[in-house]
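The values are calculated or read from the model by the stated rules, or taken from the named source; none is laboratory data. Being a predicted model, the structure only gives us computed values, none of them experimental. Cβ: placed from backbone, ideal geometry, glycine included. Neighbour counts: every protein chain shown. These accessible areas exclude ligands, DNA and RNA; they are computed on the full protein's heavy atoms, side chains included. Shrake-Rupley method; radii C 1.70, N 1.55, O 1.52, S 1.80 Å.
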Amino acid sequence: SGESGAGKTESTKLLLQHIMNLCKGNSQLEQQILQVNPLLEAFGNAQTVMNDNSSRFGKYIQLRFQKNTVRGAKLSEYLLEKSRVVQQDTGERNFHIFYYMFAGLSLKEKEMYGLLDPSLYRYISGRFGTQDAAQRWKNKYQEVCNALDMVGFQEQEQVDMQAILAGVLSLGNVTFEPEESSGSVKVSEASRGWLKAAAVDVLSQFLCFVPCSPWSPSVSCCCSLCADARDSIAKVAYGRVFGWIVCKINELLAENVDPEVELREIGILDIFGFENFAVNRFEQLCINLANEQLQHFFNHHIFQLEQAAYKEEELPWETITFNNNEPILNLLLARPFGLLSLLDEQSAFPQATDKTFVDKLNSSFKGNLHFQPGRGRVLSFSIIHYAGKVQYTAGGFLEKNRDTLPANIRGLFINSVTPLLSVLFTGKSLCYDRASHVNQGHLGRSQHSLMVLMERMYSSNPHFVRCIKPNSQKEPGVVDNQVVLQQLRYNGLLETIRIRRDGFSWRPSFEEFAER
């Protein structure tokens with residue numbers, strides 16, 4: 001764990017290499033496991049203000065062993081930041097894979113996928129990169145292709161996948177205009193070519209018949225609803241491709257052993273770091289909530305269990321206090337009046353708006369030490385997290401939490417001529433069962449999968465790798481003492497050092513002691 005840009009993903013890669021090296025095998029499976037990372041980074045990482053290769057999802061890698069040999073691996077992914085597909089803030093980029101494709105595909109391949117000059121695409125903000133960057137991306141694209149081959153993806157699957165990604169980019173350029181005669185909305189003449197390039201012509205029938213809101217049935221409102229529908233299609237399509245890649249990896253890396261054989265396991269959790277940007281949205285709340293839970297797990301393990309062991313051994317001991325973040329987790333997760341429950345409740349009301357949600361928060365958490373109402377004209381609220389105060393901009397919270405795809409669109413995808421697109425939406429290939437938590441919004445569902453993960457972690461024997469960021473400028477070889485000290489403080493590392501130092505840091509077993 002650690003802040004965004006502190007080195008979690010790099011440490012994970014080194015740890016995996018180290019474990020594979022210790023196995024001393026040179027099997028194909030070990031090579032495949034190492035190839036998984038470049039693949040996941042291409043589709044799940046992006047440049048942010050804080051980090052040029054920021055993980056925009058959380059991953060848990062389970063390695064299964066029989067007698068010191070890796071026999072299989074399983075990957076779980078959490079909370080992919082799908083909104084990045086359709087919108088990035090200043091200084092940020094979309095997922096790496098889009099840039100890799102532009103840099104790495106040949107002219108003939110681009111023609112096949114209907115890709116034009118990158119400066120034309122709205123979903124990558126019309127920005128590409130320097131010559132140097134393009135060369136780096138070209139090399140990265142080759143790495144991704146090698147990884148896809150190595151892990152075992154068929155050629156046709158790779159073609160279909162890139163066709164979907166190119167279609168997503170083209171879809172982003174579809175715009176809408178009023179239909180003069182009928183007072184409804186149609187795909188603008190100027191963007192008909194993009195709709196064709198997106199290879200989903202039937203979408204034009206759907207996109208122009210998005211039901212208008214009864215509260216503001218103006219044509220401009222319908223145009224905006226059509227644009228929302230377009231973006232939600234792009235986000236869902238990308239999210240499904242990512243989920244499919246993870247499923248496919250799991251099929252290819254599954255252990256092939258007798259079910260009677262007991263396998264031992266090492267799990268590595270590499271999850272997105274705590275974030276506090278100039279503008280923080282729904283996605284930052286999801287990320288910071290996950291970090292809040294990890295911090296609680298660390299506290300429980302180091303402070304509560306550790307000190308209980310000292311008391312049991314009857315060491316002369318004065319209890320060391322620590323910053324317990326349980327009140328913050330209660331504010332966020334308590335039922336039925338925690339922030340998450342209130343968000344799901346508001347998301348279920350068609351008339352509810354981001355403003356009614358914020359009003360509800362302000363009245364529910366009045367006087368709570370970890371909550372502050374927003375000030376100024378922007379609709380917002382602040383939470384005092386374990387790592388400091390973060391102000392969240394509330395616009396878009398309900399829409400992102402609903403995370404819905406209109407039913408008729410689902411039907412179009414299922415009947416798509418692209419075989420992979422059809423598979424992604426029939427649900428046969430997906431590894432997760434959405435039906436089990438149907439009444440929860442996006443954050444609720446993510447929370448459910450995180451809770452399953454936390455249960456697994458509480459029953460394991462954890463080792464904590466705390467990654468510390470040396471400076472805020474993304475500079476090598478520069479240590480900013482204040483930045484480092486702040487992290488040591490809020491992570492509870494100063495108290496951890498005290499506990500370990502005062503409580504005997506070397507702990508041989510009785511056998512080791514007697515032997516010695």
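Counting only protein chains, not ligands or nucleic acids, how are H370, H463 ordered by accessible area (probe 1.4 Å), most first? The partial results should precede the final answer.
Details: H370 50, H463 155 Å².
Greatest to least solvent exposure: H463, H370.
Leaving ligands and nucleic acids out of the surface, order M20, M150, M112 by accessible area at 1.4 Å, largest first. Please list the in-between numbers first.
Details: M20 10, M150 65, M112 120 Å².
If we order M20, M150, M112 from most to least accessible, we get M112, M150, M20.
Using modelled amide H (1.01 Å from N, peptide plane; none on Pro or chain starts), what sits under 5 Å from the amide H of T175, excluding residues fewer than 5 places away?
For T175, the qualifying residues are S188, S191.
Any chance you could look up the accessible area of Y141 with a 1.4 Å probe, heavy atoms only, rounded to 10 Å²?
Its heavy atoms expose roughly 10 Å² to the probe.
Using θ = phi - 60° and the Karplus form 6.51 cos²θ - 1.76 cosθ + 1.60, what ³J(HN,Hα) does each residue of region 36-50 get, whole Hz, x for Gly and Pro?
5, 4, x, 5, 5, 5, 4, 8, x, 10, 7, 7, 10, 4, 8
In nanometres, what is the gap between the two model label sites at K196 and R500, each 7 Å from Cα along Cα-to-Cβ?
Spacing of the two 7 Å Cα→Cβ label points: 6.5 nm.
I'd like the distance between the alpha-carbon centres of region 311-363 and region 112-183, rounded to an integer number of Å.
Computed from Cα coordinates, the inter-centre distance equals 40 Å.
Using a 1.4 Å probe, how large is the accessible area of E109, given in Å² and rounded to the nearest 10?
About 70 Å², rounded to the nearest 10.
Roll a 1.4 angstrom probe over the protein heavy atoms and tell me the percent of accessible area of region 282-399 that is carbon or sulfur. Don't skip to the end; give the middle numbers.
Numbers: 3110 of 5820 Å².
Roughly 53 percent, rounded to a whole number.
Let me check the size of region 282-399 from its C-alpha atoms; what are the radius of gyration and Dmax in Å?
Looking at region 282-399, its Cα Rg and Dmax stand at 17.6, 61 Å.
At q = 0.07 Å⁻¹, what log₁₀ I(q)/I(0) does a Debye calculation on the Cα points of the chain give, no solvent, two decimals?
Results for the chain at q = 0.07 Å⁻¹ read -0.44.
Count charges around G72 for me, please; just the other residues with Cβ under 9 Å from its Cβ, Lys/Arg as +1, Asp/Glu as -1. Walk me through the numbers on the way to the answer.
Numbers: positive: R64, R71, K74; negative: E255.
Overall, the nearby charge balance is +2.
Give me the one-decimal nm value for the distance between modelled label points at Q87 and D52, 7 Å along each residue's Cα-to-Cβ direction.
Label at Q87, label at D52, 2.8 nm between them.
On the full set of protein chains, 1.4 Å probe, figure out the accessible area of Y78 and give it in Å² to the nearest 10.
10 Å²
With the calculation restricted to Cα positions, what are the radius of gyration and Dmax of region 95-177 in angstrom?
Cα-based Rg and Dmax for region 95-177 come out at 13.1, 46 Å.
Using only Cα atoms, locate the centre of region 223-296 and the centre of region 445-516, then give the distance between them in Å, rounded to an integer.
So the two Cα centres are separated by 23 Å.
Quick one: which residues, 5 or more positions from R56 or on another chain, have an amide H under 5 Å from its amide H? H modelled 1.01 Å from N in the peptide plane, none for Pro or chain starts.
N45, A46
Accessible area, 1.4 Å probe, largest first: how do R192, R489 sort? Each step should come with its number before you reach the end.
Working: R192 100, R489 140 Å².
From most accessible down to least: R489, R192.
For K196, which aspartates and glutamates qualify as cross-link partners when the Cα separation must be under 18 Å and same-chain residues fewer than eight apart are set aside?
Straight-distance partners of K196: E109, E111, D117, D160, E177, D231.
Go ahead and estimate [θ] at 222 nm for the chain from helices alone: -39,500 (n - 2.57) per DSSP H run with n ≥ 4, summed, over the residue count, rounded to 500. List each step's numbers first, then the result.
Details: 21 runs with 253 residues, N = 516.
It lands at -15000 deg cm²/dmol.
How many nm separate the modelled label positions at M451 and Q142, each set 7 Å beyond the Cα in the direction of the Cβ?
Result for the modelled spin labels: 4.9 nm.
For H300 and D228, what does the FRET efficiency come to when R0 = 35 Å and r is the distance between their Cβ atoms, rounded to the nearest 0.05? All intermediate terms of the calculation are to be shown ahead of the outcome.
Working: r = 41 Å, r/R0 = 1.18.
E between H300 and D228, to the nearest 0.05, is 0.25.
What's the local net charge at S347, with K and R +1, D and E -1, over the other residues with C-beta under 11 Å away? List each step's numbers first, then the result.
Values: positive: K400, R402; negative: D344, E345, D354, E399, D403.
Residues near S347 contribute -3 overall.
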